[in-house]
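Comments concern the structure below.
The values are calculated or read from the model by the stated rules, or taken from the named source; none is laboratory data. Just so it is clear, the model here is predicted, and its values are computed rather than measured. All Cβ positions, even for glycine, are placed from backbone atoms using ideal geometry, and neighbour counts span all protein chains on display. We work out accessible area using only protein heavy atoms, side chains counted, and drop any ligands, DNA or RNA first. Shrake-Rupley method; radii C 1.70, N 1.55, O 1.52, S 1.80 Å.
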Amino acid sequence: MPAAIPRRVPVVIAGAGPVGLFAAARFASIGVEALLVDRRAEASTANRAIGVHPPGLAALDAVGAGVGVRAAGVRVHRAHAWGADGPLAVIDLARSGEVVALAQASTERLLEERLVTLGGTSPRRGIELVDLVQDAHGVDVVLRSASGELRVRADVLVGCDGRASRVRTLLGIGGRGGGYPDRYAMFDAPRSDASDPNGDDAAIHLHRDGVVESFPLRGARRWVVHVGASGDGAHTGALDREPDVGSLLDTIAARVGERPRTSLDTPVSAFGIERFLAERFAHGRVALAGDAAHVVSPIGGQGMNLGWLDVEALVSAYERIGSRVGASGVVEALAEYAARRRGRARLAIWRAECNTRLGRPTSRALA
Ligand SMILES: Cc1cc2nc3c(=O)[nH]c(=O)nc-3n(C[C@H](O)[C@H](O)[C@H](O)COP(=O)(O)OP(=O)(O)OC[C@H]3O[C@@H](n4cnc5c(N)ncnc54)[C@H](O)[C@@H]3O)c2cc1C
């Protein structure tokens with residue numbers, strides 16, 4: 001356990017994904033020290049979110065990270081929707097503000113840089129939250145690393161520890177949700193502005209065999225392909241055989257009429273999708289934010305943005321408590337946060353579910 005870990009802090013944040021990093025930066029922006037821990041030894045490089053929406057960008061601006069995200073990402077102006085008989089619609093994304101596409105790992109790196117610039121401390125990696133005990137005046141958080149266990153006392157604990165949240169489990173908070181039958185695969189193919197027919201626009205091809213979506217990144221285009229579904233609606237397990245890039249290129253050519261150019265050793269990520277809504281987002285002095293509180297189908301790309309907005313609401317609630325942080329005011333403020341954000345998450349889950357159904361093969365679209 002590194003010696004520099006403080007034993008008493010105003011806020012502990014478990015999980016240094018995009019939501020935990022943003023939370024630490026946001027607390028730093030109002031001068032509140034937060035101890036941010038993550039059980040991973042290294043930052044994740046997993047291929048996940050790319051879409052940053054106008055409310056998410058506004059949240060990033062609150063910590064000064066929006067400038068870097070805009071500079072590193074691609075501004076997506078339009079989304080072209082195609083059906084079996086040709087173009088269906090052109091959606092003007094710029095009407096509701098800026099939409100930026102940037103790989104999640106880059107967004108996380110920029111958030112970590114901002115955290116340090118704002119006077120916060122980089123995430124302590126390789127440290128897992130394993131237990132918590134709260135009383136009327138604070139929370140004791142038990143952290144475990146390769147060098148042993150340590151107890152840290154905080155006024156507030158924020159669980160940003162993802163879909164299998166340990167914090168949520170320790171609080172005994174259940175929830176509702178489950179897997180969708182759909183399986184998707186995605187990969188990034190190189191692109192040049194001259195060769196890309198969609199330029200910096202997104203494209204959604206609604207095909208009878210399943211949707212193909214593509215999004216611009218710097219020097220690349222991300223392709224997301226509906227590759228099948230299991231018969232059981234509660235199952236998100238693997239198909240008989242996960243697709244390789246060669247079979248995905250064939251599928252795209254058949255559904256879209258365009259074959260992206262990429263080498264046959266391009267890595268492919270295959271994934272199932274799910275939804276989950278925690279039955280409550282706070283208990284006493286502990287709040288949940290991001291995927292720990294809600295999991296949204298990634299078709300529509302909202303989970304990360306929703307998590308940032310959780311944090312915005314949480315930090316506003318914390319600011320309202322002021323000097324009463326040791327008293328019962330904190331519990332009331334977190335309960336208010338929880339009620340407000342749970343309603344928003346339920347709506348986002350429903351919207352994402354509509355998007356998911358639209359992208360299914362025609363025979364299953366109403367399943
Ligand atoms: C294919 C795909 C595409 C997506 N596209 C988009 C998109 O375009 N836009 C969008 O907004 N969202 C998108 N999402 C959703 C987005 O990726 C998630 O909502 C987001 O990563 C959630 O962030 P988080 O910080 O809450 O959780 P996570 O990213 O899961 O991070 C949780 C962190 O907590 C750590 N942790 C776990 N347990 C502990 C513990 N006990 N102690 C300490 N640390 C712990 C983990 O190591 C991890 O680093 C997509 C998701 C997928 C799968």
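Here are the numbers:
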{"read-out": "Which listed residue, of Gly172, Gly257, is farther than 20 Å from Arg360 by Cβ and at pLDDT 95 or above", "value": "Gly172"}
{"read-out": "Hits in region 200-216 (condition: within 16 Å of the ligand (Cβ to nearest atom) and either surrounded by 22 or more Cβ atoms within 10 Å (Cβ to Cβ) or closer than 22 Å to Ala348 by Cα (or both))", "value": "Ala202, Ala203, Ile204, Gly210, Val211, Val212, Glu213, Ser214, Phe215, Pro216"}
{"read-out": "Cβ-Cβ under 9 Å pairs, at least 6 apart or on other chains, region 297-311 side in the same structural domain as Leu347 (by TED's automatic domain parsing) and among the hydroxyl-bearing types (Ser, Thr, Tyr), far side open to solvent by less than 10 Å² (accessible area, probe 1.4 Å) and in a helix (DSSP H, G or I)", "value": "Ser297/Ala352; Ser297/Thr356"}
{"read-out": "Residues (surrounded by 17 or more Cβ atoms within 10 Å (Cβ to Cβ) and charged (D, E, K, R)) located in region 177-199", "value": "Asp182, Arg183, Asp188, Arg191, Asp196"}
{"read-out": "Search result, residues across region 158-176 that are of a type in the set (A, V, I, L, M), assigned to a loop (DSSP other than H, G, I, E, B) and open to solvent by 40 Å² or more (accessible area, probe 1.4 Å)", "value": "Ala164"}
{"read-out": "Residue among Ala101, Ala94 that alone is surrounded by 14 or more Cβ atoms within 10 Å (Cβ to Cβ) and either over 19 Å from Phe22 (Cα atoms) or near the ligand (Cβ under 10 Å from one of its atoms) (or both)", "value": "Ala101"}
{"read-out": "Residue that is least open to solvent (accessible area, probe 1.4 Å) [pool: residues in region 28-45 that are of a type in the set (S, T, N, Q) and within 16 Å of the ligand (Cβ to nearest atom)]", "value": "Ser44"}
{"read-out": "Qualifying residue in region 313-336 (condition: within 16 Å of the ligand (Cβ to nearest atom) and under 22 Å from Ala164 (Cβ atoms))", "value": "yes"}
{"read-out": "Subset of region 109-128 (residues that are under 20 Å from the mean Cα position of the chain (by Cα), within 13 Å of the ligand (Cβ to nearest atom) and open to solvent by less than 20 Å² (accessible area, probe 1.4 Å))", "value": "Leu111, Pro123"}
{"read-out": "Region 254-290, residues that are assigned by TED's automatic domain parsing to the domain that holds Gly301 and either farther than 30 Å from Pro18 by Cα or in a loop (DSSP other than H, G, I, E, B) (or both)", "value": "Glu279, Arg280, Phe281, Gly284, Arg285, Ala289"}
{"read-out": "Check on Arg351, within 16 Å of the ligand (Cβ to nearest atom), in a helix (DSSP H, G or I), surrounded by fewer than 19 Cβ atoms within 10 Å (Cβ to Cβ) and not assigned by TED's automatic domain parsing to the domain that holds Glu242", "value": "yes"}
{"read-out": "Flag if Asp131 is open to solvent by less than 30 Å² (accessible area, probe 1.4 Å), assigned by TED's automatic domain parsing to the domain that holds Ala292 and of a type in the set (D, E, K, R)", "value": "no"}
{"read-out": "Considering residues of region 54-78 that are among the small types (Gly, Ala, Ser) and open to solvent by less than 10 Å² (accessible area, probe 1.4 Å) only, the residue nearest to the chain's Cα centre (by Cα)", "value": "Gly56"}
{"read-out": "Every residue from region 13-27 that is more than 6 Å from the ligand (Cβ to nearest atom) and not in a helix (DSSP H, G or I)", "value": "Ile13"}
{"read-out": "Val152 open to solvent by less than 20 Å² (accessible area, probe 1.4 Å), assigned to a strand (DSSP E or B) and more than 12 Å from the ligand (Cβ to nearest atom)", "value": "yes"}
